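What follows is a single structure, written as structure tokens, with notes after it.
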Amino acid sequence: MLRLLILLISTVIVSVYFFPDGEARYRRILVDGKSMNPTFVNGQTLWIHTLEYENEPPVRGDIVVLGENWESKPFYLKRIIGLPGERISIRRGEMAINGDVYDQFGVGRIRARLVPLKLEEDEYFVLGDNRPISSGGVVEVDKILGKIL
């Protein structure tokens, strides 16, 4: 009887932790594509913290899952590069944030060109780590579904 009670209490604690308000706190996702090479490779399984940004906003360098919601695919895996209020540009394969060249995290030269744009208060600029083949751009904060652990 004591074992059953301990099992029941353990189950409740785990359920409350992993499914607060009935929503999963952690999810798995399978990497599909090469835009995040060499950081993550095609076919790799990753864990996502879905409630990471409930109280704190994303920060530069976070790797996030993007999408409409968890019920509709596709999902995209990208790195947060630009933050709200910043000016982003890409010229001659180099990215600049507020006029300063930014070359962290990525591999290779960016093929796209981007005239300077200022991110709004609810916008982030995202890009994959495999710069020559990755597409990226501006996303609104409500499209960020979670952070890769």
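Computed from the coordinates by the stated procedures, all read-outs in this text should not be read as laboratory data. Owing to the predicted nature of the structure, the values given are computational and were not obtained by experimental measurement.
So what's the angle, to the nearest 10 degrees on a 0 to 90 scale, between helix 2-18 and the longest Cα principal axis of the chain?
Long axis of 2-18 versus the principal axis of the chain: about 20 degrees.
Any chance you could run the full-extension gain for Gln44 through Ile133? It's 0.36 nm times the residue separation minus the Cα-Cα distance, nm to one decimal.
Roughly 30.2 nm would be gained on extension.
For the chain, what does -39500 (n - 2.57) per DSSP helix run (n ≥ 4), summed and divided by total residues, give at 222 nm, in deg cm²/dmol to the nearest 500?
After summing the helix terms and dividing by the residues of the chain, the value is -4000 deg cm²/dmol.
Where a ≥ b ≥ c are the square roots of the eigenvalues of the C-alpha gyration tensor, would you call the stretch 23-148 rounded, which needs a/c under 1.5, or, failing that, prolate if a/b is larger than b/c, or oblate?
Because a/c hits 1.5 or more and a/b fails to exceed b/c, the stretch 23-148 counts as oblate.
Within straight cross-link reach of Lys147, meaning Cα distance under 22 Å, which lysines are found once same-chain residues fewer than 8 apart are removed?
Lys34, Lys73, Lys78
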